[in-house]
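Colleague: Can you keep this structure in mind? I'll have questions shortly.
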Amino acid sequence: MLDEKLEPIYADVLRRNPGEDEFHQAVREVLESLGAVIAKHPRYAEHALIERICEPERQIIFRVPWVTDNGEVQINRGFRVQFNSVLGPFKGGLRFHPSVMLGTVKFLGFEQVFKNALTGMPIGGGKGGSDFDPKGRSNGEIMRFCQSFMTELSRHLGEHTDVPAGDIGVGRRELGYMFGQYKRMSNRYESGVLTGKGLTWGGSRVRTEATGYGAVFFVERALATRKQGFAGKKVLVSGSGNVAIYTIEKIHQLGGRVIACSDSSGYVVDNDGIDLALLKDIKETKRGRISDYAAARRASATFVPAGRIWDVPADIAMPSATQNELNGQDARTLVKNGVIAVGEGANMPSTPEAVRVFQEAGIIFAPGKAANAGGVATSALEMQQNASRDSWTFEVTEQKLGVIMNSIHDRCAEVAEEYGSPGNYVLGANVAGFLRVADAMDALGVI
Ligand code: NDP
């Protein structure tokens, strides 16, 4: 339910951003948490502060022309939504997926503002991407696309202005091609302009692992509040990309057993536990499909094409693929099967109905805004290393990530309690993120 003071703000967001359903969903979820804030501190409802936070500072849309290996000219659309820079330079990933449109990038940018605030680090929020589909494209095609994309995007970036990273469809290979093009165009070795870089060209240790590891650290801390842990638990992890792979790795290190993972073609169940070396080889090296995994592990694994991974009975679920991949029915199935915790590695993977089901069931629900903040936090650590021309060890960097995730968890828990809803990490994350952004906006005048 929305507070009556917030209803007109939401109505305005709907009116001014037609057809952008995911953006509406993300805004509504935050506004639902803010009723408690304005009841306690009415000043946050003044000076159109909330309205300003819902409006991006700048939205850039551009043409990306490129040439296939066969010499055909292709056109894609590029986006960068620079949402809020009150806490630092815009920061947030780039997504290459055919489903990307302005509303997708806006929802991701909006979420990013609060997530980045929660890390406590000096980073604003933004997001970008393109409707380019990298699947089935050659290295040469990927490179030409990335170069064309960066030719325009480079005008809007800078280590003190806007610092992108990866997201769906954008990993180290794509970031390398983009950094190379940025370097040519700017004639500067400006390491701090992108994060998620390779270790030989300015990257940070643990950045690859950070989102997945961080999500597991958050859920482990939440489980500890109920005297539980990952050890001995059966876990479902959707997706099999960057976030999913390193979620699985950390769960296995903590003694849990991931028994299923997926991609957009279906899911695999492996009751012996997912063989991570095999999964990495198929997904990171060969860029293959999840069905290849089941083909290689005939003895223990089965492939279920186009099924719902959430039908598999397990103790913990970590949705780590994409938005709205877990609906109300899936949530009811998970609860019926006895799930005790759901941790979102992806951005907004649970629909609003699914979130309600989890909250009503009283299980741990860790929203992506808080649980997957380890990726961007480690990006900020990468920026620190770039600025000081330093490079930290894996152990030092992972330890810093652990401290950050614990403090995000504790801050969300503390704020949830303060606002009368103990254990409600959705409320805690939204309110804690909002307060940091709102206080800074207020201090800087009408901006
Ligand atoms: P990847 O591209 O590495 O992997 C994405 C995975 O999700 C793939 O297995 C992909 O399958 C699957 N997937 C993507 N879209 C769909 C879809 N529409 N339906 C079903 N499956 C789909 O991306 P990441 O692992 O980096 O990102 C995953 C999620 O985590 C996203 O929500 C992203 O925003 C979020 N995130 C990522 C961060 C990072 O550091 N990378 C940081 C914070 C959040 P297929 O290959 O078949 O398309």
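The values are calculated or read from the model by the stated rules, or taken from the named source; none is laboratory data. Here the structure is a predicted model, which is why all the values come from computation and not from measurement. Quick reminder, even Gly has a Cβ in these numbers, built from the backbone with ideal geometry, and neighbours come from all protein chains shown.
Colleague: Looking at VAL396, VAL426, VAL415, VAL403, can you tell me which residue is within 19 Å of GLU29 (Cα to Cα) and over 17 Å from the mean Cα position of the chain (by Cα)?
Modeller: VAL415
Colleague: State which residue pairs qualify: first residue not assigned by TED's automatic domain parsing to the domain that holds GLY241 and inside the range 201-221, second residue assigned to a loop (DSSP other than H, G, I, E, B) and among the β-branched types (Val, Ile, Thr) in any location, beta carbons under 6 Å apart, and separation of 6 or more residues or different chains.
Modeller: none
Colleague: Hey, does the range 267-277 have a residue that's of a type in the set (S, T, N, Q), under 24 Å from the mean Cα position of the chain (by Cα) and more than 27 Å from PHE107 (Cα to Cα)?
Modeller: no
Colleague: Is it the case, given these coordinates, that LEU254 is in contact with a His (Cβ under 7 Å, 6 or more places away or on another chain) and surrounded by fewer than 21 Cβ atoms within 10 Å (Cβ to Cβ)?
Modeller: The answer is no for LEU254.
Colleague: Also, I was wondering about something else. Just for the range 259-290: of the residues that are surrounded by 16 or more Cβ atoms within 10 Å (Cβ to Cβ) and of a type in the set (Ser, Thr, Tyr), which one is farthest from the ligand (Cβ to nearest atom)?
Modeller: Ranking the qualifying residues of the range 259-290, first place goes to TYR267.
Colleague: Has the range 300-312 got any residue that is surrounded by fewer than 24 Cβ atoms within 10 Å (Cβ to Cβ), farther than 25 Å from GLY232 by Cβ and more than 16 Å from the ligand (Cβ to nearest atom)?
Modeller: No, the range 300-312 contains no residue that is surrounded by fewer than 24 Cβ atoms within 10 Å (Cβ to Cβ), farther than 25 Å from GLY232 by Cβ and more than 16 Å from the ligand (Cβ to nearest atom).
Colleague: Within the range 341-358, can you find the residues that are buried (at least 23 other Cβ atoms within 10 Å of the Cβ) and not hydrophobic (A, V, I, L, M, F, W, C)?
Modeller: GLY343, GLU344, GLY345, ASN347, PRO349, SER350
Colleague: Are there any pairs with C-beta distances below 9 angstrom linking a residue in the range 319-339 that is modelled with pLDDT of 95 or more to a residue that is away from the ligand (no atom under 16 Å from the Cβ) and of a type in the set (Lys, Arg), with the two at least 6 apart or on different chains, and if so which?
Modeller: Partner pairs satisfying both residue conditions: GLY328/ARG356; ALA331/ARG356.
Colleague: Could you tell me whether any residue of the range 240-258 is farther than 24 Å from GLY402 by Cβ, part of a loop (DSSP other than H, G, I, E, B) and either touching an Asp or Glu at 6+ places or on another chain (Cβ under 6 Å) or at pLDDT 95 or above (or both)?
Modeller: yes
Colleague: Further question: Taking LEU2 as the residue in question, decide whether it is surrounded by 13 or more Cβ atoms within 10 Å (Cβ to Cβ) and not assigned by TED's automatic domain parsing to the domain that holds GLY171.
Modeller: Yes.
Colleague: Still on this model: Can you tell me which residue within the range 201-246, out of those that are more than 9 Å from the ligand (Cβ to nearest atom) and among the β-branched types (Val, Ile, Thr), is farthest from ALA413 (Cα to Cα)?
Modeller: Filtering the range 201-246 for residues that are more than 9 Å from the ligand (Cβ to nearest atom) and among the β-branched types (Val, Ile, Thr), the one farthest from ALA413 (Cα to Cα) comes out as VAL206.
Colleague: Still on this structure: What are the residues in the range 94-144 that are closer than 20 Å to VAL27 by Cα and among the aromatic types (Phe, Trp, Tyr), if any?
Modeller: PHE107, PHE110, PHE114
Colleague: Also, quick follow-up: Condition first: farther than 30 Å from GLY176 by Cβ and not aliphatic (A, V, I, L, M). Can you find one or more residues in the range 55-62 that meet it?
Modeller: Looking through the range 55-62, at least one residue is farther than 30 Å from GLY176 by Cβ and not aliphatic (A, V, I, L, M).
Colleague: If a residue must be of a type in the set (Lys, Arg) and either modelled with pLDDT under 95 or on the phi > 0 side of the Ramachandran plot (or both), how many such residues does the range 195-239 contain?
Modeller: 1
Colleague: Residues in the range 6-26: is at least one assigned by TED's automatic domain parsing to the domain that holds GLY176, of a type in the set (Asp, Glu) and part of a loop (DSSP other than H, G, I, E, B)?
Modeller: No, there is no match, as no residue in the range 6-26 is assigned by TED's automatic domain parsing to the domain that holds GLY176, of a type in the set (Asp, Glu) and part of a loop (DSSP other than H, G, I, E, B).
Colleague: Follow-up question, since we're still on this one. Scan GLU55, GLU46 and give me the residue that is surrounded by 12 or more Cβ atoms within 10 Å (Cβ to Cβ), free of Cβ contacts under 8 Å to residues at least 60 places away in the same chain and among the acidic types (Asp, Glu).
Modeller: GLU55
Colleague: Can you tell me which residue is surrounded by the most Cβ atoms within 10 Å (Cβ to Cβ) among those in the range 359-418 that are more than 21 Å from LEU118 (Cβ to Cβ) and among the hydrophobic types (A, V, I, L, M, F, W, C)?
Modeller: ILE363
Colleague: Follow-up question, since we're still on this one. Of all residues in the range 313-340 being closer than 17 Å to GLY232 by Cβ and among the aliphatic types (A, V, I, L, M), which is surrounded by the most Cβ atoms within 10 Å (Cβ to Cβ)?
Modeller: MET318
Colleague: What do you reckon, is GLY198 within 18 Å of GLU382 (Cα to Cα) and more than 13 Å from the ligand (Cβ to nearest atom)?
Modeller: It is true that GLY198 is within 18 Å of GLU382 (Cα to Cα) and more than 13 Å from the ligand (Cβ to nearest atom).
Colleague: A further question on this structure: Can you go through VAL258, VAL269, VAL243 and tell me which one is in the same structural domain as GLY343 (by TED's automatic domain parsing), of a type outside the set (Gly, Ala, Ser) and closer than 15 Å to ALA341 by Cα?
Modeller: Going through VAL258, VAL269, VAL243 in turn, the sole match is VAL258.
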